[in-house]
1. Could you order peptides 115-123, 6-14, 131-139 by the average number of other Cβ atoms within 10 Å of their residues, highest first?
2. Can you give the FRET efficiency to the nearest 0.05 for Ala87 and Tyr43, using r as the Cβ-Cβ distance and R₀ = 35 Å?
3. May I ask you to rank Lys4, Lys144 by accessible area, largest first, using a 1.4 Å probe over the protein chains only?
4. Roll a 1.4 angstrom probe over the protein heavy atoms and tell me the percent of accessible area of the chain that is carbon or sulfur.
5. Go through 78-89, 101-112 and give me the packing order, highest mean Cβ count within 10 Å leading.
6. Please compute the length gained on full extension between Ala104 and Trp137, using 0.36 nm multiplied by the number of residues separating them and subtracting their Cα-Cα distance.
7. Could you order peptides 58-64, 18-24 by the average number of other Cβ atoms within 10 Å of their residues, highest first?
8. Which stretch or stretches of region 113-153 have amide N atoms under 17 Å from the point lying 7 Å from Thr94's Cα along the Cα→Cβ direction?
Amino acid sequence: MHSKRAILSLALICVLVLPALCFYPFHTDHAIQQSMGLELYRYHGLPYIGSWDHNFPGTVLIHATAIALFGNSVLGFRMFELILQIAIVLSLYTLSRLWLSEGASVVACALYALFYIHGPGQFLGQRDDFAVLPLAWGFWAAVKAYRNDSVRS
């Protein structure tokens, strides 16, 4: 289905580009959300009591999950983010292959990864970044369902 060249290229993107995430420190928002996630993980308490942060709870749940899996540290959160970004790159490749050639899809994934890594540090690990994964899966499923329905008609 996928050529060895595409698989190798995606592996290089995931191994050489994305691990740079682990070198980014927390921004103020991350620190607040990490403390709220720790409160949720340790005490199962409401994370918004005693906090000035009024964002939607999705990011707090992501931080709590990262704490549960990798511990309460910047590196633990970045490792969780790295795993999700690898999943996003692979999902974007699969989604883009519905319309683009293999080479163009690999280039698009490389550009996504480079843009993500070299963007402003305060934008890394935000809820918008994590929303890409279910959106990519949803678009892929919708297009595949539409194409399968069109073939049957």
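The values are calculated or read from the model by the stated rules, or taken from the named source; none is laboratory data. What you see is a predicted model; the values in this text were computed from it and never measured. Note that we place each Cβ from the backbone using ideal geometry, even for glycine, and neighbour counts take in every protein chain shown. The accessibility values were calculated without ligands, DNA or RNA, using every heavy atom of the protein model including side chains. Shrake-Rupley method; radii C 1.70, N 1.55, O 1.52, S 1.80 Å.
1. 6-14, 131-139, 115-123
2. 0.75
3. Numbers: Lys4 180, Lys144 80 Å².
In descending accessible area the options line up as Lys4, Lys144.
4. Of all accessible area on the chain, carbon and sulfur atoms account for 70 percent.
5. Highest mean packing first, the order is 78-89, 101-112.
6. Extra length available between Ala104 and Trp137 comes to 9.9 nm.
7. By packing density, highest mean first, the sequence is 58-64, 18-24.
8. Only 131-148 pass the distance filter.
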